[in-house]
Structure formats: C-alpha cells, structure tokens
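Q: Here you go, one structure.
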Ligand SMILES: Cc1ncc(C[n+]2csc(CCOP(=O)(O)OP(=O)(O)O)c2C)c(N)n1
Ligand SMILES: [Mg+2]
C-alpha cells in the first residue's frame, strides 16, 4: 500500500507553543514538506525574526538563524551573498516585514536578492498581545484600536505585496491563504514555486499567506477561517500578483 501521509523529516516531532487555530503551524509544515520534497534539507537556511514564530528553529530540523525584529532580509542578504549555494529563506510576520522591517524589505526586493520570503499576514502583532499591524483591516478591533481601525486616524491596510510587485528586482509574488484544505494545497504550491525560483537563480520571490490568529481576532478557529474567506480576501485578494 502506498504511504500517502507522513511526518516531514524537516519538522521535529514536538508540540509547538502556538495557540489553537493559529496558522504558523500549518506554514511550518508546508515549508518542511517543501524542503524534503526538493531535497534541500542540508542546504536550506531559515531566517526567522521576532514574532510569534521567534522559536521556529525549535520546530524545523534544518539550519536556522535568528534576526532582530525587522532585520530578517538584511541578515538573509548577508547569508546568501556569503553562501550563494545555500537556499536561504525568511519567515516574517506583518509587523516584521511591513512595519519595523519595511526598509529592509523594500531594498532587498529592489536589489533583486535571490531569496525566498514567506510572509505570514495575520493582520495583527500576535507575539506582543494583539496590537494593530500595518495590515490590520479597517474596522478591525485590536488592543490598540479598541473601536476598530479608522482610516482617518490609523491610515489604510498596507498592501505591501502589491507595492513590492512594482519593483524590477522582484520576480514572483503570490498571495495565498489557509481557509480551506484546497487553499492550503495552493499555498503549498506557491511556497514550492518560491523555493524553486531561488534554486533556479530567478531572484526575489515572496509568498504572502493570509493566516488566522483566533486568539487576538477574538474568534473561534472556524470563525477565523470564515473571516479570512469572507472579509480579509476582499482587502487582500488571493492569487498571483507577479
Ligand atoms: C526592536 C524591537 N521592537 C519591538 C519589538 C516588540 N515586538 C516583538 S514581536 C512584535 C510584532 C510581531 O508581529 P508580527 O511580525 O506580525 O508577527 P506575529 O507575532 O503576528 O506572528 C513586536 C512589535 C521587538 N522585539 N524588537
Ligand atoms: Mg502578525
């Protein structure tokens, strides 16, 4: 009988610290499966900065480096330039990639660094207690927008993937989600493409994942997935951006 489901070698067989219904665990698994399937476990280096996934190195069974908050793409640039034969990816939240790290993100993308970026957009600062992120939706309640985000005071949700797609150095940008098994399969395909691009020296590739945060959205796991499908994708449409 064919084995159809198994534990990826690149994922340690331990419980994570993530809340019930959090998307980080799914993303970790899809990356681990991809690394196994591409046979790059001995070559891959993850850069996971501060955020809920700050200890991702505990969960992946391949080389990882920590980065200060917002500095993942600067650290990844250095690693890739010194070790071009390694496959280097960053794993960044919306606070990390689109707030404190906007500068690093834009310039690494514009330089066309041959890197893979996995961007976990959960529309919130998860690790620090659910504050507003650049990608928080209008009307969304967070710890720092208790009455909901208002455009006139807080500005608009930042569509950083669409902005990055304008840059000549950027080769591939796709937005995916986890709200159904079918979407998880699509997310896996996009992640794999972003790694393949680096293997083929294509240049900067980014996959944005709309990922649930039931704890700080104040919703159940199921409500969170429905909210992504019905509300979040209206602001952040799924599909290939570049
Ligand atoms: C220089 C610096 N400033 C602020 C912080 C506090 N801090 C830690 S994580 C974080 C936001 C994390 O949000 P995000 O990147 O979206 O990741 P998530 O936890 O939502 O997965 C902040 C502001 C920090 N660790 N370092
Ligand atoms: Mg976040």
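Just so it is clear, none of the values below were taken in a lab; they were calculated from the coordinates. The shown structure was predicted, so the numbers you read here are calculated from the model rather than taken from an experiment. Cβ atoms come from the backbone with ideal geometry, glycine included; neighbour counts cover every protein chain shown.
Q: Looking at segment 1-108 only, what percent of DSSP beta bridges run antiparallel? Nearest 5 please. Intermediate results must be reported in sequence, preceding the final value.
A: Details: 1 of 9 bridges.
So the antiparallel bridges in segment 1-108 amount to around 10 percent.
Q: Quote the FRET efficiency, to the nearest 0.05, computed for residue 103 versus residue 4 with a Förster distance R0 of 45 Å and r equal to the Cβ-Cβ distance.
A: Numbers: r = 44 Å, r/R0 = 0.99.
For R0 = 45 Å, the calculated efficiency reads 0.50.
Q: Based on the alpha-carbon gyration tensor of segment 87-222 and its eigenvalue square roots a ≥ b ≥ c, which shape applies: rounded if a/c is under 1.5, prolate if not and a/b is larger than b/c, or oblate? Mind showing how you got there, number by number?
A: Values: a/c = 2.41, a/b = 1.50, b/c = 1.60.
Oblate is the answer for segment 87-222, as a/c is 1.5 or above yet b/c matches or exceeds a/b.
Q: Once you have the Kirkwood Rh of the chain from its Cα pairs, apply Stokes-Einstein at 4 °C and 1.567 mPa s and quote D in µm²/s. Don't skip to the answer; put the middle values down first.
A: Working: Rh = 17.8 Å.
Rounded to a whole number, D works out at 73 µm²/s.
Q: Compare the peptides 164-171, 144-151 by average per-residue count of other Cβ atoms within 10 angstrom and give them in order, highest first.
A: Numbers: 164-171: 17.6, 144-151: 12.8.
The packing order, highest mean first, is 164-171, 144-151.
Q: Ranking request for peptides 104-112, 7-15, 21-29: highest mean number of other beta-carbon atoms within 10 Å first, then the rest in descending order. If you can, show how the numbers build up before the last one.
A: Working: 104-112: 19.6, 7-15: 14.1, 21-29: 21.9.
Sorting 104-112, 7-15, 21-29 by mean packing, highest first, produces 21-29, 104-112, 7-15.
Q: Now for a separate question. Just how far, in whole angstrom, is segment 163-242 from segment 55-125 if you go by their alpha carbon centroids?
A: Computed from Cα coordinates, the inter-centre distance equals 16 Å.
Q: Nearest 5 is fine: what % of DSSP beta bridges in the chain come out antiparallel, could you say?
A: Antiparallel: roughly 15 percent of the beta bridges in the chain.
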